[in-house]
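Read through the structure below, which is laid out as structure tokens, and then see the notes.
The values are calculated or read from the model by the stated rules, or taken from the named source; none is laboratory data. Just so it is clear, the structure is predicted and the values come from calculations on it, not from any experiment. Neighbour counts run over all protein chains shown; Cβ positions are idealised from the backbone, glycine included. Ligands, DNA and RNA are stripped out before the accessible areas are found, and what is left, the full protein with its side chains, is counted by its heavy atoms. Shrake-Rupley method; radii C 1.70, N 1.55, O 1.52, S 1.80 Å.
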Amino acid sequence: QAHLVESGGGLVQAGGSLRLSCRDSRSLAVINVNGWYRQAPGKSRELVATITIGGETNYADSVTGRFIISKDKRTKTLYLQMNDLNPEDTATYYCRATHRVSGNEIWGQGTQVSVSS
């Protein structure tokens, strides 16, 4: 079973940057780590960015132009570079993977990002 490990969250001032990382610690071939989501207090989990196996990216309108999703295929590590952060970006950020055969989703434990004004 996959085990997603996230890192890189923290507290930053508005206008600052953070980079999140996520990988499957078991490095299973059937697992495709491919997306970042976030959930702010009192709100539903929402898509932040996804990346396909072919490298196509998709972003939420609220982060387009500020965030960049990328993946190191060799290490199977997924990254989210977050620039020009603002307090509205404060949330728990979750890494998502999908099972290549079943299509089931696997989620990381979440990493907290807090942006002060």
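Show me, for region 70-80, the HN-Hα J-couplings you get by feeding each phi into the Karplus relation (A = 6.51, B = -1.76, C = 1.60, θ = phi - 60°), rounded to Hz, glycine and proline as x.
Along region 70-80, the couplings run 8, 9, 8, 5, 5, 9, 6, 9, 9, 10, 9 Hz.
Could you state the number of Å between the C-alpha centres of region 26-84 and region 96-117?
So the separation of the two Cα centres works out to 8 Å.
Could you work out what % of the accessible surface of the chain is carbon and sulfur, using a 1.4 angstrom probe and leaving DNA, RNA and ligands out of the count?
Taking all protein chains in place, the chain shows 47 percent carbon and sulfur surface.
All other residues with a Cβ under 12 Å from the Cβ of residue 110 taken together, and with Lys, Arg as +1 and Asp, Glu as -1, what is their net charge? Spell out each step's value before the answer.
Details: positive: 38, 45, 96; negative: 6.
Taking every other residue near residue 110 into account, the sum is +2.
Mind giving me the nanometre distance, one decimal, between the label points for residue 26 and residue 5, set 7 Å out from Cα along Cα→Cβ?
1.4
Could you list the trypsin sites (Lys or Arg not before Pro) in region 34-116 that lie in coil according to DSSP, counting only those with at most 16 other Cβ atoms within 10 Å of their Cβ? Before the final figure, lay out each step's value.
On the way: sites: 38, 43, 45, 66, 71, 73, 74, 76, 96, 100; in loops: 43, 45, 66, 73, 74, 76, 100.
Listed in order of number, the matching sites are 43, 45, 66, 73, 74, 100.
For the pair residue 56/residue 112, report the inter-label distance in nm, with labels modelled 7 Å from Cα in the Cβ direction.
Placing both labels 7 Å beyond Cα along the Cβ direction yields 3.8 nm.
Find the accessible area per residue for the chain; the probe is 1.4 Å, ligands and nucleic acids are left out, and the unit is Å². Could you put the intermediate results ahead of the total?
Values: 6280 Å² over 117 residues.
Accessible area per residue, the chain: 54 Å².
At a probe size of 1.4 Å, how large is the accessible area of residue 56, to the nearest 10 Å²?
Residue 56 exposes around 130 Å² with every protein chain in place.
Suppose R0 equals 35 Å. What FRET efficiency, 1/(1 + (r/R0)^6) with r the Cβ-Cβ distance, do residue 99 and residue 17 give to the nearest 0.05? Show your work: numbers first, answer last.
Details: r = 32 Å, r/R0 = 0.92.
Approximately 0.65, to the nearest 0.05.
Explain nothing, just the number: relative contact order of the chain, from Cα pairs under 8 Å at least 6 residues apart, as a whole percent.
Values: 285 pairs, mean separation 41.5, N = 117.
This gives 36 percent for the chain.
Tell me, what is the FRET efficiency for residue 46 and residue 77 to the nearest 0.05, using R0 = 25 angstrom and their Cβ-Cβ distance as r? Present the calculation step by step, with values, prior to reporting the outcome.
Numbers: r = 23 Å, r/R0 = 0.91.
Step by step, r from the Cβ atoms, then E = 0.65.
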